[in-house]
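Read through the structure below, which is laid out as structure tokens, and then see the notes.
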Amino acid sequence: MSGASRSRARGTPARRYVLGVIAAYRRTGGGRRWFGIDCNFEPSCSAFAEEAIARFGLRRGGAMAWRRIRRCRVRDSVCKCLEPVPGRSTDA
């Protein structure tokens with residue numbers, strides 16, 4: 001395995017840092033603990049961000065996560081909206 005592909009497999013230090021912050025946020029209770037809200041998307045916004053950044057990188061995955069978080073409307077959380085990361089099969 002070449003050095004470039006090996007470093008890409010592990011991710012950049014910035015990507016690993018952001019994924020670590022997201023993991024810590026999720027371990028400590030996520031939105032319910034920090035903001036008193038439940039995510040109205042499935043998977044949750046933090047799980048979406050984690051997967052998008054891991055799959056597409058910090059720039060593209062981060063932009064996808066930011067757009068997702070901006071669409072969050074806590075007052076409209078009547079039901080969970082299924083919205084997986086693009087490119088992922090929903091058949092499991």
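What follows is calculated from the coordinates using simple rules that are stated; it is not laboratory data. Being a predicted model, the structure only gives us computed values, none of them experimental. With ideal geometry, Cβ positions are generated from the backbone for all residues, glycine too; neighbour counts draw on all protein chains shown.
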Point to revise | Amide H within-cut-off set for E42, under 5 Å, with H built and near neighbours excluded | key: C81, L82, E83
Exercise for review: Using θ = phi - 60° and the Karplus relation 6.51 cos²θ - 1.76 cosθ + 1.60, list the HN-Hα couplings for the stretch 28-41 in order, rounded to whole Hz, with x at every Gly or Pro.
Suggested key: 8, x, x, x, 5, 6, 7, 10, x, 10, 10, 5, 9, 10
Check your understanding: Once phi is turned into θ = phi - 60°, what whole-Hz ³J(HN,Hα) does the Karplus curve with 6.51, -1.76 and 1.60 give for every residue of the stretch 51-56, x standing for Gly and Pro?
Key -> 5, 4, 5, 5, 7, 10
Exercise for review: Please give the peptides 36-43, 49-56, 21-28 ranked by average Cβ packing (other Cβ atoms within 10 Å per residue), highest first, as a rough proxy for protection.
Suggested key: 49-56, 36-43, 21-28
**Study point:** Estimated FRET transfer efficiency (R27, I69; beta-carbon r; R0 25 Å; 0.05)
**Key:** 0.85
